[in-house]
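Enquirer: Handing you a structure now.
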Amino acid sequence: MTPEYPRDDDGRVDVDALCDEMTLAEKAGQCAGTYVGTLDDAQSVADVESLIDEHGIGSVTPFGWAGSPHVDPGDVAAVANRLQRHAVAETRLGVPLLVPVDAVHGHAYVDHTTVFPQNLALAATFSPALAERVGEVTAREARATGATTNYGPTCDVARDPRWGRTFETFGESPTLVSAMAAAKAQGLQGDSLDSDETVAATAKHFPAYGGPLRGEDAAPVEVSASSFHRTFVPPFVATLDAGVASVMPCYNSIDGEPAHGSPRFLRGLLRERLGFDGVVASDWNGVEMLHADHRTAESSEDAVGDALVAGVDIGSVNGVRHAEAVVSLVQEGKIDEATVDAAVRRVLALKRDLGLFDDPLVDEEGVDGVLRRTEHVELAREVARAGVTLLENDGLLPLDPDADVLVTGPNADDLTAQVGGWSVLDPSEGTTLREGIEAESGGTVTYELGAGHREEVDVDAAADAAREADVAVVALGEGWYLHEFGPSEMSGSKPGAFPSRHHFGLPEAQSDLLRAVHGTDTPTVLVLSSGRPLPIPWAADHLPAILFTPPSGTEGGAALADVLFGVEPGGSLPISVPRSAAHLPTHHDYVRHPHPIGDDEHPPSYDPLYPFGHGLSYGDLAVTGVEASATSVAPGDPVTVVASVENRGDRAGTRTVQAYLRDEYASRAKPVRELVDFDRVTLDAGASTTVELTVPPGAMGVVDSDGARTLEPGSFTLSVGLSAADPDARTVAFAVE
C-alpha cells in the first residue's frame, strides 16, 4: 500500500512538508547510505533491512559494485524490490530508497548485461553522439534491475597517465572530456528522470581527481589556481549544464583542502558559483577519510560534520555511523538542524523526480527482455570498432581473409581483461579476440598463450607457431584492475607488481614474447589493450602494424577482428602516448615557457611517441584547406571555420578533424595549443567534404586565479588537422578587437 505523502497543488510530493514531518533521526537516515556485500564489514539483505528499520537508511547499493554477491539479473531486481518494499512498508513515513550503482561502462557489475568499452576507448571515438547512446542503454539496463542512480559520468581530466583510473576518464583534453561526459549524462538521464529507462547521473569526481601527484590514486592535486580552473573544472561545468542530478567529490586534497570537507569547493564553487542545486553524494568512505587519512577531522563524528557543513548530502556507505553522527552533532549544537534539512530536501527532491514515491518497484519478470537486446549488443560492437586506434600500418592491415593466423598473448583469449575493471570478474557472455579472429578468418587460426601479464608461459611454442603462420597477432597489455591496480584478490597482482604506476610499460615477459614472434620474420601485428597509454618504443620502431584500444567490453574481441580483416578503424587517441615515464608529463596543451639557453638546447617539451588525436585510417584522409568566417570579431563573438577534407586513398576512411587554438599574446601564460572543436568524418575513396568547426568565445579567454575568463583583444591562430602534431595541418588567423 502506497503511503499518503504530502503533495503540492500540482500533485507532486511536497518535499518541504515531508521533511517537516520527519524526526531528526529520520532526517539523518536520509543522509546515510549503505551496501549489501563485503566492504569493511559483511552485510546481507536482511542486515540492511534491519538498518532501514532502526535508522531509516535512505540509500542502499545492494548490487552494482565489486563486493556484492548479487550479480544475476533476476536476483538483483528481486533484491531491489525487496528493499524498496521494506522501506515503504516498514518505516513510519514510507520513504523509498535511492539505489546507486557503479555502471561505468554499461551495467557491468551485473552479469548478462551489455558491457561497453571503457570510457577512454569511448573517448577515442571522438563522438558525443555515441557517448549519449551508450548512456541511454546503460540507463535502460540499470533501471530495469532496480537501480535509480549511476555513479557516472566520469568528468576527470587525466593529466598523469601512470594513474590507475586513467581508463575511466575521457582523456587529457578538457574540451573532449566536457563533450563526452555531458553527452553521456544526457543519455543516462534522458528527457525525464521519472522513467523506467533513465537514471540519475552523477558527475564525478569533483573538482580535480585526474591530476594526482606521482600518478598515485587519491594523492594530493597540486596545480596552480588558473590551471585548476582551465583544465579540471570545465567538464563539470558542461555536465552541470546538461542537467546532471548528482555530483560526487574526489578523494584528493586540492591546495591542502580535502574535497569532501571543503566548503570552498562544494559550497563556494559548486553550489554558489556554478549554481548546482542537486544532491552531493560522497565517494565511498570519502567522509571517513577526512579523519583516517587526511587527518583534518579529529574523529569520525567530526568528519561527518565537516562533510555535511561543506555540502555533502549523503554519506554513501557509512550507514549507521553516519546517521548517528548527524544526530549527535545536531544535539550537541555543533551543526544546525537547518543544514541537515537542506540536505534532506535535496535527497527527497531527487527521489520525487525519479518517480520513486509513485512506484519504486521494477518488473522482475521482464528484466531479461531488457538486458543485452540485439540492438544493445550491436551498439557495443559499433562503439568498440569506432574506438580502435590504428597507430601504425605499413600495408599489413587489413589482413588477407584467407591467411593462416597465429593468435598469442595474455589478452588474446581473456574476456575478463578485455572487459576491464568495474565489471564482474567472470563475464558469462562476450567474444574474445581469439574467438573473433576464428569467426572472421577463412584460414587456419592457431592459438598459443605464450605469456601471461607478468610471466612467461611458453614463448618458444608461440614462436614455433608463428613460423608456420602467414601472420601473427600478438595481444598484449594490462588486465582487470581498479584504483591503485587492485584489489589484489581480484586483479591477481601484488601491490607494486605490473600493472602499477611504477611499471609504466610492457613487462619483460610480454616484451620477450613480442620480440620472439617478430624474430621469426612472420609479419606481426601488435594489439595493445591497456587502461593506460603504455610507452611501446620498440614496437613502434619494429612492427608493421599496431592497434591500440583500452579495455573494449564484451564485444571488443569481435570488433578488433572486424578491424583486422577490413572494417575501418575509427579511433583517435584521446590521450598522448609518451616515449617513456621519464618524458612525463606529456600532454598536448602544456603552458608556454622560456628556453633560457636557447631553443636548440632544449629537447621538445611535447615529444610523444604518438600525439593526442593521432589515428590512422585504411583510407588516406587529409585536411586540404581552411577558411574563417571573419578575420576579426568583437569580444564575445564565436569564430566559425570551414575545413575542406579529402580522401585521397582507394578505400573508405574515417578520421577526426581537430581544431586547435593558439593565443599569440595574452596577459597570462597560456597553453601552446588547446583543442576547441572536432568532428568525426567518414569519406568514400576519392570523396571530399567540408566540415564546420567553431571557436567558442570562452576558448579565447584568459583564465585567472579565480577562474574568471577575460576576453582580451589580440591575435589568434587556429590550426586544423588530424592530430595535435599534424605536420600537414592548415592554419587561419583572426583577431579579437
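Enquirer: How about the stretch 414-440: which of its residues are in contact with a helix residue (DSSP H, G or I) (Cβ under 8 Å, 6 or more places away or on another chain), in contact (Cβ under 8 Å) with a residue 60 or more places away in the chain, farther than 20 Å from Ser500 by Cβ and open to solvent by 20 Å² or more (accessible area, probe 1.4 Å)?
Expert: Those that are in contact with a helix residue (DSSP H, G or I) (Cβ under 8 Å, 6 or more places away or on another chain), in contact (Cβ under 8 Å) with a residue 60 or more places away in the chain, farther than 20 Å from Ser500 by Cβ and open to solvent by 20 Å² or more (accessible area, probe 1.4 Å): Leu415, Gly430, Thr431, Arg434, Glu435, Ala439, Glu440.
Enquirer: Taking the stretch 53-75, which residues are closer than 27 Å to Tyr5 by Cβ and over 24 Å from the mean Cα position of the chain (by Cα)?
Expert: Asp53, Glu54, His55, Gly56, Ile57, Gly58
Enquirer: Would you be able to say whether some residue in the stretch 46-56 is part of a loop (DSSP other than H, G, I, E, B), more than 30 Å from Pro550 (Cβ to Cβ) and open to solvent by 10 Å² or more (accessible area, probe 1.4 Å)? Don't jump to the end; show me each part of the working.
Expert: Looking only at the stretch 46-56, we keep the residues that are part of a loop (DSSP other than H, G, I, E, B), and these are 56.
Pick out the ones that are also more than 30 Å from Pro550 (Cβ to Cβ) and you get 56.
Keeping just the survivors that are open to solvent by 10 Å² or more (accessible area, probe 1.4 Å) gives 56.
Yes, some residue in the stretch 46-56 is part of a loop (DSSP other than H, G, I, E, B), more than 30 Å from Pro550 (Cβ to Cβ) and open to solvent by 10 Å² or more (accessible area, probe 1.4 Å).
Enquirer: Let me ask another. May I ask you to list the residues in the stretch 625-641 that are under 23 Å from Gly714 (Cβ atoms) and open to solvent by less than 60 Å² (accessible area, probe 1.4 Å)?
Expert: Val626, Ala628, Ala630, Ser632, Val633, Ala634, Gly636, Val639, Thr640, Val641
Enquirer: Going through the stretch 558-589 one residue at a time, which ones are in contact (Cβ under 8 Å) with a residue 12 or more places away in the chain and outside any loop (DSSP other than H, G, I, E, B)? Show your work before the answer.
Expert: Taking the stretch 558-589 as the starting set, the residues that turn out to be in contact (Cβ under 8 Å) with a residue 12 or more places away in the chain are 558-581, 583-589.
Result: Ala558, Ala559, Leu560, Ala561, Asp562, Val563, Leu564, Val577, Ala581, His583.
Enquirer: Does Val221 satisfy being more than 30 Å from Ser328 (Cα to Cα), without any contact (Cβ under 8 Å) to a residue 40 or more places away in the chain and aliphatic (A, V, I, L, M)? If you could, list the steps in order and put the result at the bottom.
Expert: Working: more than 30 Å from Ser328 (Cα to Cα): yes; without any contact (Cβ under 8 Å) to a residue 40 or more places away in the chain: yes; aliphatic (A, V, I, L, M): yes.
Judged against the criteria, Val221 is a match.
Enquirer: From the list Leu391, Leu379, Leu354, which one is within 25 Å of the chain's Cα centre (by Cα), under 21 Å from Val137 (Cβ atoms), buried (at least 22 other Cβ atoms within 10 Å of the Cβ) and modelled with pLDDT of 95 or more?
Expert: Details: Leu391 fails: under 21 Å from Val137 (Cβ atoms); Leu379 fails: buried (at least 22 other Cβ atoms within 10 Å of the Cβ).
Matching residue, one of Leu391, Leu379, Leu354: Leu354.
To keep it simple, each residue is scored yes or no on (1) modelled with pLDDT of 95 or more; (2) crowded, with 24+ Cβ neighbours inside 10 Å; (3) farther than 22 Å from Leu350 by Cα.
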{"site": "Val60", "(1), (2), (3)": "yes, yes, no"}
{"site": "Trp65", "(1), (2), (3)": "yes, no, no"}
{"site": "Asp75", "(1), (2), (3)": "yes, no, yes"}
{"site": "Arg85", "(1), (2), (3)": "yes, no, no"}
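Enquirer: Looking at Ala581 and the list (1) open to solvent by less than 20 Å² (accessible area, probe 1.4 Å); (2) under 25 Å from the mean Cα position of the chain (by Cα), which single condition is not satisfied?
Expert: All conditions pass for Ala581, except number (1).
Enquirer: Turning to a different aspect of this structure: Tell me the strands (runs of 3 or more DSSP E) entirely within the stretch 671-737 that contain at least 2 residues that are touching a Lys or Arg at 6+ places or on another chain (Cβ under 6 Å) and touching a residue at least 40 places away in the same chain (Cβ under 8 Å). Lay out the reasoning, then the answer.
Expert: On the way: elements: 674-683, 688-695, 714-721, 730-736.
In the stretch 671-737, the matching strands (runs of 3 or more DSSP E) lie at 714-721.
Enquirer: Could you tell me which numbered condition Leu534 fails, if it satisfies all but one of (1) free of Cβ contacts under 8 Å to residues at least 60 places away in the same chain; (2) within 17 Å of Leu547 (Cα to Cα); (3) open to solvent by 10 Å² or more (accessible area, probe 1.4 Å)?
Expert: Only one criterion is unmet by Leu534, namely (3).
The values are calculated or read from the model by the stated rules, or taken from the named source; none is laboratory data. Worth saying up front: this structure is predicted, and the values here are computed from it rather than measured. Cβ coordinates were reconstructed from backbone atoms using ideal geometry, including for glycine residues, and neighbour counts include every protein chain displayed. Protein only, heavy atoms only, side chains kept; ligands, DNA and RNA dropped before computing areas. Shrake-Rupley method; radii C 1.70, N 1.55, O 1.52, S 1.80 Å.
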